[in-house]
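Notes follow once the structure below has been shown.
The values are calculated or read from the model by the stated rules, or taken from the named source; none is laboratory data. Model, not experiment: these values are computed from the prediction. Positions of Cβ are backbone-derived with ideal geometry, glycine not excepted, and every protein chain shown enters the neighbour counts.
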Amino acid sequence: MSLARRLPEVLVPALLVLATALLGLAVSSYLEGYFVNTLVKAAIVVGLYVFIGNSGVLSFGQISFVAVGAWTAGVLTVPRADKPIAMPGLAHFLVTTNVGNIASLALAAAIGGAFAFAVGLPLMRLSGLAAGIATFAVLEITNNVLNYEGLISPALNGFSSVPATTGIWQATIGCLICIAVAYAYQRTRFGRMLRATREDPAAAAAAGISIHRQRLAAFTLAGALAGFAGGLYVHLQPLAANDLFLDLTFITLAMLVVGGSGSLLGAVVGALAVNGIYTFFTAAVNTVDVFGWHLHVRAGTAQIVLGVLMLLVLILRPSGLTGGREFSLPRRRRPVADLEKARATT
Amino acid sequence: MIVGFLSLQPLTWPTFATALALGGVYALMAVGIGLVFGVLRLVNFAYGQLIMAGGFALAYGAVWNLPTWESILLCFGVVLVLSVLMDRLVFRPLRTSSPTVMLVATFAVAFLLQNIALLKFGPLSKSVGSLAQLNAPWDIFGVEIKKIAVIAVATAAGCLVLLQLLLTRTPLGLHMRAAAMDFRTARLLGVRANRVIGAAVIISGLLAATSAVFLSVQENSISSTFGLQDTIIVLAGVVVGGMNRPIPATLGGFSIGFATGILGGVLPADKTQYLTSFIFAAVIVVLLVRPNGLFTRGGGAVERA
């Protein structure tokens, strides 16, 4: 297939993100924060897609890499002067090390990837339920240690003086980077090999593909993207870093499933659509005006709407809104012989 | 952390009894989860929300000044209705889906019910009222042991024996075991799918209600997240024990509850916050060594087609 045909596959998700960013700039500065949040969530979901979408293996551990990235970027960017008060138990080398915004994001990605590699090395041998529970265990342990261990974190104090550098542009560029990396990966032979193991593990193994190695590679890449997204997250809402646990695991999984976990487009569409709905109902707690109609709901409605939506999609359209397909332009009709040739080769 | 290990607290009889009770309750939950998994190949993440609903029923029973047995009856009623509804509305339409889709769906149900509870009952936790008196100790041979621990252990043991009799001595039990082993073949041989699944859902609901009573009394603070962490731990225990047979699943649930209880008692006070980490680290290690289950022999279950 020609490059011109392939290009929309990555351009459309990127344009959707850009459109969200422009919409965010167009609305009032009060609402802009919601759009920044949506873009950061989209970055997290794209990271989630890189592993789950390509491998077909469910992982509950992704948010632990987001958390590790958030903690890395957070601990390293709290101003030197604030550290003794905000993080009294912090290890000495972390107190003396301070980095800038971009460096903190890069380090968050590196540490997230390294942690995912270390975790994945043994765990990627597991499959099915054992893999699901084991990744869940990783999430529990990471959350537990990061929230209590004063040597590497502010423990129960929470992050307070992390510079809020994630504005609409940083979020947009970060999200675009994640999309570009995810697309580049799925087009490489590694991405294709992993997709082959998703479709038919036995056939893939018979063709000489090491399932363990390919899954580990994707897990590590997904961990790096998650760490990066976690860095974006902590620079946006440092005080909410403790939320990087079960609820976010659920919300991001819901986004991926609603959009369609089989494609990059699905991940982006799911993240933007679900976040749009979710944010709308969150904002409606303080009354929103919908074309002159004052909508007011109770706190918590957003989560309930999200849960119902997810169940409906799972029951009515299990492959998600996009059906797990990438975007492609409508084709001109071709003679039957051509079609059959195309079918034989795909 | 290493130093923490060296200053473990001494193991006392009350700790042992508490651990035994927790193990018993987790064993009941494990059977409840395992039975449904057996016939549906569905890991019910929303099991904890059944327990939460039961807890709220007890709490509201206390608010409305119902007698204890009426509260407990209310708890059983609510949990049973909810578990049948869950099966009808969500699990039945998804029966032919992949295990991953079903797992994510139960995740969604859990999230949904938890947030409905939060919206309906508010963020403050509630008490179970007079039932909490069961937390008072009994003096047994000079050792003070909570009444609830004794009752929980006795009830759990009774339930497990009854269940074992049901599974091994009745036609329904035979059908359920056959369905758990290979659903498709069992159906070919005349096992009625809906009957077996219905029975599993109801028994699992009864076990959830029983566990709800014990957990509610032990913790005595019912909020929307009640039962969630317990379910995650039990699920881990069930998978560690061996998901596809009732006995390994039960043993898995018991072991993880017992281990949690003992560790919670012997860890020094400044290390108890890492209890979760210790338990889940153990889970990972066991899964790596015995991915098919700690208490199983031979291969895994036949995938449900």
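With the requirement that a residue be aliphatic (A, V, I, L, M) and surrounded by fewer than 24 Cβ atoms within 10 Å (Cβ to Cβ), what does the range A:94-118 give you?
Of everything in the range A:94-118, those that are aliphatic (A, V, I, L, M) and surrounded by fewer than 24 Cβ atoms within 10 Å (Cβ to Cβ) turn out to be A:LEU94, A:VAL95, A:VAL99, A:ILE102, A:ALA103, A:ALA106, A:LEU107, A:ALA110, A:ILE111, A:ALA114, A:ALA118.
For the range B:127-144, name all the residues that are charged (D, E, K, R) and without any contact (Cβ under 8 Å) to a residue 12 or more places away in the chain.
The answer is B:ASP139, and nothing else.
Is it the case, given these coordinates, that A:LEU39 is surrounded by fewer than 24 Cβ atoms within 10 Å (Cβ to Cβ) and of a type outside the set (Gly, Ala, Ser)?
Against the criterion (surrounded by fewer than 24 Cβ atoms within 10 Å (Cβ to Cβ) and of a type outside the set (Gly, Ala, Ser)), A:LEU39 does not qualify.
Is it the case that some residue within the range B:34-42 is in contact with a Lys or Arg (Cβ under 9 Å, 6 or more places away or on another chain) and part of a loop (DSSP other than H, G, I, E, B)?
Yes: one or more hits.
Checking B:MET86 against (1) more than 10 Å from every other protein chain (Cβ to nearest Cβ); (2) at pLDDT below 90, only one condition comes out false. Which one?
It is condition (2) that B:MET86 fails.
Can you confirm whether the range B:45-66 contains a residue that is buried (at least 19 other Cβ atoms within 10 Å of the Cβ), under 17 Å from the mean Cα position of the chain (by Cα) and at pLDDT below 90?
yes
Within the range A:110-136, track down each residue that is of a type in the set (Gly, Ala, Ser) and away from chain B (no Cβ under 11 Å).
Listed by number, the residues that qualify are A:ALA110, A:GLY112, A:GLY113, A:ALA114, A:ALA116, A:ALA118, A:GLY120.
All but one of (1) at pLDDT below 95; (2) surrounded by fewer than 24 Cβ atoms within 10 Å (Cβ to Cβ); (3) of a type outside the set (A, V, I, L, M, F, W, C) hold for B:GLY77; which doesn't?
The number of the failed condition is (1).
When you look at A:VAL68, is it buried (at least 23 other Cβ atoms within 10 Å of the Cβ), facing chain B (nearest Cβ under 9 Å) and touching a helix residue (DSSP H, G or I) at 6+ places or on another chain (Cβ under 9 Å), yes or no?
On the way: buried (at least 23 other Cβ atoms within 10 Å of the Cβ): yes; facing chain B (nearest Cβ under 9 Å): no; touching a helix residue (DSSP H, G or I) at 6+ places or on another chain (Cβ under 9 Å): yes.
No.
Of the residues in the range A:314-326, how many are more than 9 Å from every other protein chain (Cβ to nearest Cβ) and buried (at least 20 other Cβ atoms within 10 Å of the Cβ)?
2
In the list B:PHE16, B:PHE107, which residue meets the criterion of being crowded, with 23+ Cβ neighbours inside 10 Å and part of a helix (DSSP H, G or I)? Walk me through it before giving the result.
Numbers: B:PHE16 fails: crowded, with 23+ Cβ neighbours inside 10 Å.
Being crowded, with 23+ Cβ neighbours inside 10 Å and part of a helix (DSSP H, G or I) holds for just one of B:PHE16, B:PHE107, which is B:PHE107.
Could you tell me which of the residues B:ALA236, B:ALA208, B:ALA178, B:ALA156 is surrounded by 15 or more Cβ atoms within 10 Å (Cβ to Cβ), within 14 Å of chain A (Cβ to nearest Cβ) and of a type in the set (A, V, I, L, M, F, W, C)? Don't jump to the end; show me each part of the working.
Numbers: B:ALA208 fails: within 14 Å of chain A (Cβ to nearest Cβ); B:ALA178 fails: within 14 Å of chain A (Cβ to nearest Cβ); B:ALA156 fails: within 14 Å of chain A (Cβ to nearest Cβ).
Among B:ALA236, B:ALA208, B:ALA178, B:ALA156, only B:ALA236 is surrounded by 15 or more Cβ atoms within 10 Å (Cβ to Cβ), within 14 Å of chain A (Cβ to nearest Cβ) and of a type in the set (A, V, I, L, M, F, W, C).
With the checklist (1) closer than 27 Å to A:ALA302 by Cβ; (2) more than 7 Å from chain A (Cβ to nearest Cβ) in hand, flag the one item B:LEU119 doesn't pass.
(2)
For the range B:89-101, which residues satisfy the criterion of being touching a Leu at 6+ places or on another chain (Cβ under 8 Å), modelled with pLDDT of 85 or more and at the interface with chain A (Cβ under 9 Å from one of its Cβ atoms)?
B:VAL90, B:LEU94
Check every one of the helices (runs of 4 or more DSSP H) wholly within the range B:211-305 and list those with 1 or more residues that are charged (D, E, K, R) and touching a residue at least 12 places away in the same chain (Cβ under 8 Å). Explain how you work it out, then say what you get.
On the way: elements: B:228-241, B:246-266, B:275-289.
Once the helices (runs of 4 or more DSSP H) in the range B:211-305 are filtered for at least 1 residues that are charged (D, E, K, R) and touching a residue at least 12 places away in the same chain (Cβ under 8 Å), what remains is B:228-241.
Under 20 Å from A:ILE63 (Cβ atoms), touching a residue at least 12 places away in the same chain (Cβ under 8 Å), within 14 Å of chain B (Cβ to nearest Cβ) and in contact with a Leu (Cβ under 8 Å, 6 or more places away or on another chain), is that true of A:LEU272?
no
For the range A:239-265, how many residues are within 14 Å of chain B (Cβ to nearest Cβ), touching a Ser or Thr at 6+ places or on another chain (Cβ under 7 Å) and in a helix (DSSP H, G or I)?
Of the residues in that region, 1 qualify.
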